[in-house]
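A quick write-up on the structure given underneath.
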Amino acid sequence: MEGNMTNLTESGSQAVPLPGVGSIVSRFFYTREVPYAIALVRMIICSVCMIIMGPRWFACRELFSVDGATTPIAIGYSMPNWLPEFNGTIVAGLATLMMICLFTSAVGWRTRTSLTIAAILFTYFSCLDSVSTMTKYMVISTHVLFLLSFSSCGKIWSVDAWLRWQHSTDSQPEMGETWCRRCLQLLMCSFYFGAAFTKMHTPTFFSGEQLTYWMMTELTIDHPLGYVIAMYPPLIVAMGYITIVWEIAFPLLVWRDPGRTVMLIIGVLFHVMTYFTLGLDMFPPVCFALYLTFYGDRDYQAVGRWFARRLQPALRFVSQFRMPNLSIRYPQSLVSRSSFGLFAVFLLTGTAAGIGLEHSLDRYGQRRAEGRYALTPLDHDVADRMLAPLAPTRESDKLFAFDIGTFLIGDYVGDRCREFWPGQTIVAQCSFVPPHEDMMVECNLRDADDRLVERFSHVAPREVFNCNYRFPITVTSEPGPHSLVIKIAGQEVARKSIRIHNPALAAR
Amino acid sequence: MRWIKHLLIGTYLLALSAGIVDHGLKFGTNSHPLMYFIVWDMYCGWSAHECRIHLVAEGESGTHYEVLPPPWGDFAPFGTVGRQHYDTVHNSIHRMGLNVLKQTDHEPIVRLKVIEESWPKKYNLPEHLWAARFEEPREPQSYFWNSEVFDGEGKIINSVPVYLTQLYNQAIGSNPRLAADARKHQSFIAINPAHRRAAFAGHADAISQPQAGPPGNSN
């Protein structure tokens, strides 16, 4: 079949045979290689999943059981929940089983079984808590666990591989097909491509507003750099454009060097910045793990040789010490049977211990010496404030920022400054907090005695989030301290001090 | 075995492609929870307001109690903020509240009230950055908005738009001609209290709302 599909193309006068589509696809998905990449992915992703699920294990009764408050993903789609829900004890057992299987997957003990159990339970628990567990990096993790459970990722760097090595005469690492690595690569490509679509559908992404508000949220982990960068909207707009270009280019350029190196380096920088500016802690390691799939076994072998050369002196030093040979070669059948038996015992005892531990933690304080918890009465003042009718929005709360400079870039003030000379134009920009009504917004230039020197008024319709006012500084402008004042509905909401320099007038 | 691998790879790539196409064409992206697994729609729903959700219970005596955060402590899934604050569309807040009622001692509860507390995000700026950007003192004010009321068993009694939609409706409603036009319709009684939201929130789609499914915690 592959022979039949072989095409011919003209290259000058010479006909060059092209491989058929079937053979290209076959080579892409079924080339055999040492599965270094997916073994690393297995170890990293399972460890990250354990870190994610660790704190949730302590609250599993509350998050995932009928003895708590599950928030199934189906509710968000106005559909009935189709997932079975269990009581707290069973959930504690399942959550413990998931944690154990994530661990055994990471170390590669009964890898396929471990990964299958981990993938099912991880997806199940994610779907049961859409509010505080299900996120996009959880979705990526479920894809990875699902694909790995079918793969040969346990053939190297695993307990399984070590046990096999015990009775193998071949010192070469085992090989597997590349299809899992390819699917993970394509997952990453589709993920970035889809993310680019989202941004295209979100006009406020390109104006920088979405990212600015995200950088200023307190809903993610502490990210002080985000607040600083939120002060520079032109930078955010530029970063937004770079991001979308990179996301679209990624699936096209990541397959071969030098595009691969460039795309992955930008990716690493991008995700590191999402940690520092947006407070995303688990997203970066999940993506970094998948970046490893863009390297084949030869790349890893080259890296291994490089390290071996660098570490040679240290290895020579270590080899001076005679180490006892600790490897004991057991019969194959005994190793296989005991491994499965031990694995089953490990799962059972671990799960039982987990159930016991969770019970003793007494999440709801039902067995406390002082009795069950009681609801705390609200302070009267607090209750009155909370339950009062909605207070009218203060005019000052409709203003997001007030910046002054001399030019705009990306629709934002490019140079924040307070000193101005003749020939320059003061650009005063006020940004609003959406949603807001149609507003009359006024900008006053006032002198040192607070006398009105100049005034501009604009209507700011509800769809407008920025308003700009320009005050040209001429040779007749009075020098000295001034102030720019923003008024909404006639009420002063912001004021900024500036200084106008005019040497010609000052000399008189 | 090879055909099983073909099938697996083919199905998987088809699913990824379907997600991309659906998302690109905005077709059926919220049709089924499984779409969440193949549609990569991060970055939705970040507004200019920071919002916290309080659940207040009213006892038979008229006393109000704090239900969330629960007395045994908050579960903070992505930082330091409690779980209930991520339920931005209030789909599950009453379930969390009912669980707290089930696990605690209290007088009979007649009402559960969902209170949104919001403030502009500019007040989240640390002091030194505020001082660099504003000459005015930092005087944050929270706005409280009672968006839902449930009875003691979790049945919905009243539901109005969430705070952001309410702000948008107010902005629209400040146009007298539009407000007069909006009154020119046939009156009806919404039998299901949940449908009252639809009667009040005709403009909800027009503004940036969190999409269906899990909230915009796209991390």
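All of the numbers you see were taken from the coordinates with simple rules; none came from a lab. From a predicted model like this one, the values you see are computed outputs, not experimental measurements. Positions of Cβ are generated from backbone atoms using ideal geometry, with glycine treated the same way; all protein chains shown enter the neighbour counts.
Compute the helix-to-body angle for A:179-200: its Cα long axis versus the longest principal axis of chain A, expressed 0 to 90° and rounded to tens.
Taking Cα atoms only, the helix is inclined about 10 degrees.
For A:Val493, which sequence-distant residues (separation of 5 or more, or a different chain) have an amide H within less than 5 Å of its own amide H, given hydrogens modelled in the peptide plane?
A:Ile486, A:Lys487, A:Ile488
In whole Å, how far is the Cα centre of segment A:379-419 from that of segment A:345-364?
Each part's Cα centre sits 50 Å from the other's.
List the lysines whose alpha-carbon lies under 24 Å from that of B:Lys155, not counting same-chain residues fewer than 8 positions away?
Within reach: B:Lys102, B:Lys113.
Just how far, in whole angstrom, is segment B:39-78 from segment A:102-176 if you go by their alpha carbon centroids?
36
Can you pull out the GluC sites (Glu not before Pro) in segment B:11-62 whose DSSP state is coil and whose Cβ has at most 14 other Cβ atoms within 10 Å?
On the way: sites: B:Glu50, B:Glu58, B:Glu60; in loops: B:Glu60.
In loop regions of segment B:11-62 (DSSP not H, G, I, E or B), the sparsely surrounded GluC sites (Glu not before Pro) are B:Glu60.
Which of the lysines could a cross-linker span from B:Lys184 if the Cα-Cα distance has to be under 27 Å and same-chain partners fewer than 8 positions apart are dropped?
none
How far is helix A:297-319 tilted, in degrees, relative to the longest principal axis of the Cα atoms in chain A, given as a value from 0 to 90 rounded to the nearest 10?
Helix A:297-319 sits roughly 80 degrees off the main axis of chain A.
How do A:Leu163, B:Leu112 rank when sorted from fewest to most other Cβ atoms within 10 Å of their own Cβ?
Least to most surrounded, the residues fall as A:Leu163, B:Leu112.
Could you name the aspartates and glutamates whose alpha carbon sits less than 19 Å from that of B:Lys5, not counting residues in the same chain fewer than 8 places away?
Within reach: A:Glu2, A:Glu33, A:Glu177.
Quick one: helix A:111-128 against the long Cα principal axis of chain A, what's the angle to the nearest 10°, folded into 0 to 90?
30
Residue by residue through A:375-388, how many Cβ atoms from other chains fall within 10 Å of the Cβ on average? Don't skip to the answer; put the middle values down first.
Values: counts 16, 7, 8, 9, 2, 2, 0, 5, 8, 2, 4, 12, 7, 2.
Whole-number average of other-chain Cβ neighbours for A:375-388 is 6.
Return a single number: how many Lys pairs in chain A, at a sequence separation of 8 or more or on separate chains, have alpha-carbon atoms below 21 angstrom apart. Before the final figure, lay out each step's value.
Values: A:Lys136/A:Lys199; A:Lys398/A:Lys487; A:Lys398/A:Lys496; A:Lys487/A:Lys496.
Lysine pairs satisfying the spacing and distance rule in chain A number 4.
Summing -39500 (n - 2.57) over the DSSP H runs of n ≥ 4 in the protein assembly as shown and dividing by its residue number, what mean residue ellipticity at 222 nm do you reach, to the nearest 500 deg cm²/dmol?
On the way: 25 runs with 316 residues, N = 727.
Counting only the DSSP helices, I get -13500 deg cm²/dmol.
Of all GluC sites (Glu not before Pro) in segment A:428-495, which ones are in loop regions per DSSP and have a Cβ with at most 14 other Cβ atoms within 10 Å? Mind dumping the intermediate values first?
Values: sites: A:Glu437, A:Glu442, A:Glu454, A:Glu463, A:Glu492; in loops: A:Glu437, A:Glu463.
Qualifying residues, ordered by number: A:Glu463.
In segment A:69-117, what chymotrypsin sites (Phe, Trp or Tyr not before Pro) fall in a loop by DSSP, with at most 11 other Cβ atoms inside 10 Å? List each step's numbers first, then the result.
On the way: sites: A:Tyr77, A:Trp82, A:Phe86, A:Phe103, A:Trp109; in loops: A:Tyr77, A:Trp82, A:Phe86, A:Trp109.
For chymotrypsin sites (Phe, Trp or Tyr not before Pro) across segment A:69-117 that sit outside H, G, I, E and B with at most 11 neighbouring Cβ atoms in 10 Å, the list reads A:Trp82.
Using the count of nearby Cβ atoms within 10 Å as a rough guide to exposure, how do B:Lys5, B:Lys102 rank from fewest to most?
Numbers: B:Lys5 15, B:Lys102 11.
So the residues, fewest neighbours to most, are B:Lys102, B:Lys5.
Go through A:Ala401, A:His380, A:Ser457 and say which Cα lies farthest out towards the positive end of the charge dipole of chain A; charges sit on Cβ, +1 for Lys and Arg, -1 for Asp and Glu.
The one lying farthest along the dipole's positive direction is A:Ala401.
Provide a whole-number value for the mean count of partner chain Cβ atoms within 10 Å of the Cβ atoms in peptide B:90-100. Spell out each step's value before the answer.
Working: counts 0, 8, 10, 3, 1, 7, 6, 1, 1, 9, 5.
Mean inter-chain Cβ contacts per residue within 10 Å come to 5.
Ordered by residue, what ³J(HN,Hα) values in Hz, to whole numbers, does segment B:23-35 give under the Karplus form 6.51 cos²θ - 1.76 cosθ + 1.60, where θ = phi - 60° and Gly and Pro are x?
Taking θ as phi minus 60°, the curve returns 5, x, 8, 6, 10, x, 5, 10, 7, 7, x, 5, 4 Hz for segment B:23-35.
Just to check, using Stokes-Einstein with a Kirkwood Rh over alpha carbon pairs, what's the diffusion coefficient of segment B:30-122 at 37 °C and 0.692 mPa s in µm²/s? The partial results should precede the final answer.
On the way: Rh = 15.2 Å.
Rounded to a whole number, D works out at 216 µm²/s.
Given the convex hull of the Cα atoms of the protein assembly as shown, what is a quarter of its surface area in nm²? Kindly include the intermediate steps, with their values, before the conclusion.
Numbers: hull surface 188.5 nm².
Computing the convex hull of the Cα atoms and averaging its projections yields 47.1 nm².
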